[in-house]
Amino acid sequence: MGVVEPLPLVIVRTGQTPMRQDEPCADQWVIDSGLFAISLVDSDGRTMLLDLLGAGDGLGLPDGLPAAWTATALRPGRLRPTVGMDGLAATAARLASIATELAWFDIADRVERRLLDLATRLGRPAPGGTLIPVRLTQDELASMVGATRESVNRAVRGLVARGSIDVRGRGRYVVRTQLRLVGDDP
């Protein structure tokens, strides 16, 4: 039996950018560990936070294609090179999902859905629910859902009042565990 060589991992420190908007991508990866902010800058210089990506998410583009956004490490991470279209297909599906939410849902629903998505994909257990492991300002959350900070503030207050989320300190969100009671009724 031949020697099995380990896959080369790219180590990324907090604050580093493995891909920058409009620059050729170095490679296509799967995030092995870490947390990355995905953002873009428009022609007026405004920065928009699009998403947060973590373990298992795809990052980068093949063949040195120019990046549509910048990826910045919020936590130290490891990137595993990947080949094929799976990462691109997952990224396209994720972007399509985000676009439909922007088109079809009101601001409160978009905020709730985005927080639930982040908690499901990136969260860790906390008393009363799932903690999103990064501070999100209301401006950042507004950017992610295509709304104003003021609208997001109202939506967050409504979600807290309904018991859907808790806010623990500035920008720390806990998505409450939704319990479903199962009875004898079908």
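Net charge in the neighbourhood of G34 (other residues with Cβ under 12 Å of its Cβ; Lys, Arg +1, Asp, Glu -1) is +2. Restricting the calculation to Cα atoms, region 18-89 yields a radius of gyration followed by a Dmax of 11.8, 35 Å. If you look at the Cα atoms of the chain, you get an Rg and a Dmax of 18.3, 63 Å. Counting 0.36 nm for each residue step from S97 to T120 and taking away their Cα separation leaves a gain of 6.8 nm. The residues neighbouring L136, those whose beta-carbon lies less than 11 Å from its own, together hold a net charge of +2 under the Lys/Arg +1, Asp/Glu -1 convention. Surface composition of the chain: carbon and sulfur make up 56 percent of the accessible area, probe 1.4 Å. Per residue, the accessible area of the chain comes to 60 Å² when a 1.4 Å probe rolls over the protein heavy atoms. Seen from P76, the other residues with C-beta closer than 15 Å to its C-beta sum to a net charge of +3, counting Lys and Arg as +1 and Asp and Glu as -1.
For the chain, the Cβ-based charge dipole about the Cα centre amounts to some 880 debye (Lys, Arg positive; Asp, Glu negative; other atoms uncharged). Fully extending the segment from T177 to R78 would add 32.6 nm, taking 0.36 nm per residue of separation and subtracting the current Cα-Cα distance. Under the classification rounded if a/c is under 1.5, otherwise prolate if a/b is larger than b/c and oblate if not, where does region 48-135 fall, given a ≥ b ≥ c as square roots of the Cα gyration tensor eigenvalues? The shape class here is oblate.
The values are calculated or read from the model by the stated rules, or taken from the named source; none is laboratory data. Keep in mind that what you see is a predicted model, and the values were worked out from it rather than measured. For neighbour counting, all protein chains shown are included, and Cβ atoms are generated from backbone atoms with ideal geometry for every residue, glycine included. With ligands, DNA and RNA removed, areas are computed over all heavy atoms of the protein, side chains included. Shrake-Rupley method; radii C 1.70, N 1.55, O 1.52, S 1.80 Å.
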